[in-house]
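What follows is one structure encoded as structure tokens, with my remarks underneath.
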There are 2 protein chains.
Amino acid sequence: MARATRKIEILHAASKIVSERGIFNLTLEATAIEAGVSKGGLLYHFPSKEALVKGMVDHLAENYRDKIAASVAESTKEKGKWIQSYADVTFNNPYPNKEMHAGLLAAKAVNSDLLDPIRDLYNEWQIQIEQDGIDPVKATIIRLATDGIWLSELFDIHHLGEQRKEEVYLKLKNWIDE
Amino acid sequence: MARATRKIEILHAASKIVSERGIFNLTLEATAIEAGVSKGGLLYHFPSKEALVKGMVDHLAENYRDKIAASVAESTKEKGKWIQSYADVTFNNPYPNKEMHAGLLAAKAVNSDLLDPIRDLYNEWQIQIEQDGIDPVKATIIRLATDGIWLSELFDIHHLGEQRKEEVYLKLKNWIDE
DNA sequence: GAAAAAAAACCGTCCAGGTAGTATAGTGAA
DNA sequence: TTCACTATACTACCTGGACGGTTTTTTTTC
């Protein structure tokens with residue numbers, strides 16, 4: 001069993017630990033146990049803790065990029081398909097977001113430079129969003145509002161009710177097409 | 001010297017360390033040195049690391065609440081003064097934001113329950129914002145967009161240019177009065 | 001208002017426990 | 001034989017917190 005799978009299992013285990021137990025509990029041993037690997041096995045794949053966190057970030061950046069790209073490719077709109085896809089994925093996809101949160105927090109804690117792949121991602125998206133056929137300021141506001149949802153989920157600070165969240169989502173959506 | 005001042009100096013020192021060196025470098029010793037106090041002295045004021053982080057969060061929550069309240073009190077608008085104040089303070093006040101970032105990250109790392117004062121704050125604001133005389137969905141979107149700015153500053157992920165940021169700010173502002 | 005007592009605000013060291021990373025010897029599958 | 005691990009032991013280091021002082025400030029008493 002396990003080809004490139006093991007590596008990814010380890011990454012999931014690490015994310016899970018960060019999400020559920022916090023960054024201070026992301027130790028090599030805990031990660032190994034959670035992933036069902038020996039410590040030696042973990043270090044075989046990721047030779048240091050920093051490498052592990054880098055793995056987390058790289059992996060989720062790749063995933064997120066694919067997700068958005070797939071949504072864009074599916075879209076039949078001429079205008080606003082990037083911002084629309086960004087909002088769709090972020091509002092409706094709890095899965096990659098959870099991993100994103102864990103990865104961001106871990107990277108910020110361990111070494112901010114590890115966030116570079118995320119920065120690249122954001123820069124790419126911002127460019128697409130601004131060239132998306134709608135007013136760039138409006139598009140930027142929609143992106144920021146979407147990020148706001150993200151922030152509140154990241155810190156579990158203030159969850160809008162499902163209904164209000166839906167209303168916000170619909171209003172943003174309508175605004176794109178306006 | 002030092003009445004209640006010392007405590008606050010220690011809190012600033014802790015925030016500074018988190019901002020500049022990351023959470024893993026927030027040790028009692030480092031904080032003591034940064035604040036110019038001995039470790040024993042620090043532990044006199046904050047008997048544990050968790051107490052220190054709790055101190056950070058409580059302090060910044062109080063500060064932020066005051067800042068917004070002051071801005072609201074100054075406002076002469078009848079409609080939308082809460083959301084306007086929230087946007088104003090967040091867009092234009094780099095200082096409390098920096099401390100907020102540090103406090104949030106530290107609390108999230110040490111013990112998520114420490115974020116409760118922030119949750120209370122957000123709940124209060126959301127109530128005010130929704131009763132602010134403008135469409136609550138619109139007001140919520142403005143709040144979220146403002147939080148989006150915050151997120152990008154927190155992780156240093158994507159800084160809008162000053163000009164675009166200003167355009168966003170103005171558009172949101174106009175939207176409130178529309 | 002000075003001396004004495006008490007409380008507050010510190011200082012600096014020590015230690016048990018935990019952690020990243022190294023080392024090494026071995027195993028089963030392809 | 002190589003790859004992808006397991007299992008265990010070990011080192012070197014760091015950190016939270018306890019603890020036992022000491023100094024400064026405040027309060028009380030005479």
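Where a number appears in this text, it was derived from the coordinates with a stated rule and is not lab data. These numbers were taken from a predicted model, which means no experiment stands behind them. Note: ideal-geometry Cβ built from the backbone for every residue, glycine included; neighbour counts use all protein chains shown.
Side notes on the structure shown:
- Looking at the protein assembly as shown, the pairs of alpha carbons with a distance over 29 Å make up 44% of the total.
- Ellipticity at 222 nm from helices only: DSSP H runs of n ≥ 4 in the protein assembly as shown, each -39500 (n - 2.57), divided by the residue count, give -25500 deg cm²/dmol.
- Remark: C-alpha extents of the stretch B:126-178 on the principal axes read 33, 20, 12 Å, sorted largest to smallest.
- Size of charge dipole - chain A - debye, nearest 20, with Cβ of Lys, Arg +1 and Asp, Glu -1, no other charges: 420
- Stokes-Einstein diffusion of chain A at 25 °C, 0.890 mPa s viscosity, Kirkwood radius from Cα pairs, rounded to a whole number: 141 µm²/s.
- Note on the stretch B:1-55: Rg/Rh from C-alpha atoms, Kirkwood Rh, equals 0.92.
- Order by protection proxy (mean Cβ within 10 Å, highest first), peptides B:69-80, A:161-172: A:161-172, B:69-80
- Other residues lying with their Cβ under 12 Å from the Cβ of B:His59 contribute a combined charge of -2, Lys and Arg counting +1, Asp and Glu -1.
- Longest to shortest principal axis, alpha-carbon extents of the stretch A:25-78, angstrom: 51, 20, 19
- Mean partner shielding of peptide A:162-175, defined as the number of other chain Cβ atoms within 10 Å of each residue Cβ, is 2.
- Straight-distance crosslink candidates among lysines, where the alpha carbon sits under 23 Å from B:Lys98 and sequence neighbours closer than 8 are dropped: A:Lys108, B:Lys7, B:Lys16, B:Lys49, B:Lys54, B:Lys67, B:Lys108, B:Lys165
- Residue-averaged beta-carbon neighbours from other chains (10 angstrom radius) around B:152-160: 6
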